[in-house]
Amino acid sequence: MDGNKEVQSKFKRKIVQVSEAQKRIFEYTQNVNTEKIPLIESVGRRLAQELIAPIDLPHFRRSGMDGYAIRAIDTKDISSLDPIVLEVIETIPSGKVPSQLISTKQAARIMTGAMLPDGADAVIMFEMTEEFMENDKKYIRIKREIRKRQNVTEIGEEIESGTHLMDKGRKIGTGEIALLATFGFHSIEVYSRPTVAIISTGSELQDIEESLELGKIRNSNTSMIASLVLEEGGSPVLLDKLPDDLELAKSKISELFHTVDLVITTGGVSVGDYDIMYDFFDQWEEGNMLFNKVAMRPGSPTTVGVFQNHFLFALSGNPGACFVGFELFIRPVLKGMQGCKQVYPETFTAFLDEDFTKVNAFQRFIRATSRIEQGSVYVKPTGEDKSSIMVSIKDSNCLIVIPAGGQGLSKGDLVTAIRLKELE
Ligand SMILES: Nc1nc2c(c(=O)[nH]1)N[C@H]1C(S)=C(S)[C@@H](COP(=O)(O)OP(=O)(O)OC[C@H]3O[C@@H](n4cnc5c(N)ncnc54)[C@H](O)[C@@H]3O)O[C@H]1N2
Ligand code: MOO
Ligand SMILES: [Mg+2]
């Protein structure tokens, strides 16, 4: 507990700005261990080794066309009226090392991707030549000048050996996989999946397979958070919901720190009679609360603490606030734990597509959809901006950031938005 305990109460909490809350969290973010896994299983994970090109790419001079490997100088000053004839001395398929040097007035039939023979410095496409036989020998006639290096990829032209290609923490996707495969990394070192215990609190909660009773609700937060954790490369541990019982919460939550990297609870962080999380943090001897009120909507009562570098994120029970709390505070931690350097979400500027009339005492994060029209980006709230609403989450690919203060914004105003995901 910090020194402000005496002046704090459930109702009088010390408020922090979002950026300050993120800073406090970031100070405790540490890399998880690493593990070696087969390349194709690494999609979506983060690299725990740097990638330095071990060889040149390509590592031999390569033909870019099906044609003839020639010496460009042999075609100097030729034309359709004054063509040149070259003798074809061998055929080079891909994967074979040429057996002969190309000398003056010689050519080799060569396939796309095959290794250029020494002496040759250009490839002319089949279509630009005439092939003929004479005395059992094969020849081609060329009627136009060919530039040196035409249709040839030089050694190391794409990547030189020793080039630094990827940093630790880089997320592995298709482009990364292709590079790793081409350099022979059949298994790679990645950051282990951070393990995340998810525990929803609330005596009104029912499991999703239960038939709904009047006044109760199904626990959607545990599944929603598990999905977000999976998206960010974590390994969610879905725990049984907890009733609003402080002593039970104390014993259940405390034991989790020995088995997982971080714990997320949802619900019970506000000031209601059955909201247990304020008292939990207040009585949390072994842990250290970082903040319990943030100048934001939704999710103002979001509370975060640490116990020996294990986080306890107590998110609001309201699904909209729970979602936004994850995006602002937990996703960056999961990224950071997996070596990512740019942990905070990308922002962009866009035109607001409709009036937003609510007064903003706090900075507001509105679930929204972005679209591009004639080169301009527009953002529009996906529904009513209430933290209890969950239906809008599925259609949101960004969060509009409305600054604190002011009397709302008008359609056409420029706003900042946080990029979330692709809508497909
Ligand atoms: N008098 C005041 N009341 C409230 C304040 C306040 O400052 N003064 N803050 C409001 C704000 S802002 C928020 S946000 C919520 C925070 O609520 P809690 O975190 O305490 O969450 P609960 O009370 O447990 O539940 C709120 C709401 O969410 C539903 N819920 C809870 N858990 C789940 C779950 N796992 N899946 C789906 N839905 C869940 C719950 O049934 C409630 O409807 O407090 C305001 N009140
Ligand atoms: O801080 Mo709450 O999430 O607005 O309803
Ligand atoms: Mg409550």
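The values are calculated or read from the model by the stated rules, or taken from the named source; none is laboratory data. Please read these numbers as outputs of a predicted model, since none were measured by experiment. Note: ideal-geometry Cβ built from the backbone for every residue, glycine included; neighbour counts use all protein chains shown. Note: accessible area is taken over every heavy atom of the protein model, side chains too, but ligands, DNA and RNA are not part of it. Shrake-Rupley method; radii C 1.70, N 1.55, O 1.52, S 1.80 Å.
Mind checking the per residue accessible area of the range 1-118 for me, 1.4 Å probe, whole number of Å²?
Averaged over the residues of the range 1-118, the accessible area is 56 Å².
Converting phi to 3J(HN,Hα) with the Karplus coefficients 6.51, -1.76 and 1.60 and the offset θ = phi - 60°, the range 337-347 yields 5, 9, x, 5, 8, 9, 7, 8, x, 5, 10 Hz in sequence order, with x at every glycine or proline.
Mind checking which lysines have their C-alpha under 24 Å from Lys105, skipping anything on the same chain fewer than 8 residues away? Answer for Lys105, where 24 Å is the Cα cut-off: Lys76, Lys96, Lys137, Lys138, Lys143, Lys148, listed by chain and number. Using the Kirkwood radius over Cα pairs, work out the Stokes-Einstein diffusion coefficient for the range 357-424 at 37 °C and 0.692 mPa s, in µm²/s as a whole number. Answer from the Stokes-Einstein relation: 262 µm²/s. Considering all alpha-carbon pairs of the chain, what whole percent are spaced by more than 38 angstrom? The answer is 44 percent, as a whole percent.
For the pair Ser376 and Ser94, the difference between a 0.36 nm per residue extended length and the Cα-Cα distance amounts to 96.8 nm.
When each of the peptides 84-92, 54-62 is scored by how many other beta carbons lie within 10 Å of its residues on average, the order from highest to lowest is 84-92, 54-62.
Less than 5 angstrom separates the built amide H of Ala114 from those of Ser63, all sequence-distant by 5 or more or on a different chain. For Arg149, the residues whose modelled amide H falls within less than 5 Å of its own, excluding neighbours fewer than 5 places apart on the same chain, are Ala122. Expressed as a whole percent, the accessible surface of the chain that belongs to carbon and sulfur atoms is 49, based on a 1.4 Å probe. Spread over its residues, the convex hull of the C-alpha atoms of the range 303-398 is 127 Å³ per residue.
Residues in the range 347-419 average 52 Å² of solvent-accessible surface per residue, probe 1.4 Å, ligands and nucleic acids excluded. Applied to the range 352-359, the Karplus parametrisation 6.51 cos²θ - 1.76 cosθ + 1.60 on θ = phi - 60° returns per-residue 3J(HN,Hα) values of 6, 8, 7, 5, 10, 9, 5, 7 Hz, with x for Gly and Pro. Annotation: amide H-H contacts under 5 Å for Phe356 (H modelled 1.01 Å from N, sequence separation of 5 or more, or interchain): Leu409, Ser410, Lys411. Spatially, the range 242-260 and the range 107-154 are offset by 75 Å when compared through their Cα centroids. Electrostatic tally near Glu35: other residues with Cβ closer than 11 Å to its Cβ, Lys and Arg +1, Asp and Glu -1, net +1.
In order along the range 25-39, the Karplus-derived 3J(HN,Hα) couplings, from 6.51 cos²θ - 1.76 cosθ + 1.60 at θ = phi - 60°, round to 5, 4, 4, 9, 7, 10, 5, 7, 5, 10, 8, 9, 9, x, 3 Hz, and Gly and Pro are given as x. A DSSP coil position with no more than 11 other Cβ atoms inside 10 Å describes the following GluC sites (Glu not before Pro) in the range 233-291: Glu285, Glu286. The angle separating the long axis of helix 246-256 from the principal Cα axis of greatest extent in the chain is about 30 degrees. Largest accessible area first, the listed residues Asp240, Asp74 line up as Asp240, Asp74 when surface is computed with a 1.4 Å probe on the assembled protein chains.
Of all DSSP beta bridges confined to the chain, the antiparallel ones make up roughly 70%. Estimated from helical segments only, the mean residue ellipticity of the chain at 222 nm is -4000 deg cm²/dmol, where each DSSP H run of four or more residues counts as -39500 (n - 2.57).
Among the listed pairs Lys341/Lys386; Lys171/Lys341; Lys12/Lys335; Lys10/Lys394, those with a Cα-Cα distance over 21 Å are Lys341/Lys386; Lys12/Lys335; Lys10/Lys394. Which percent, nearest 5, of DSSP beta bridges in the range 62-153 are antiparallel? The answer is about 80 percent antiparallel. Packing order of peptides 353-360, 226-233, highest average first: 226-233, 353-360 (average count of other Cβ atoms within 10 Å over each peptide's residues).
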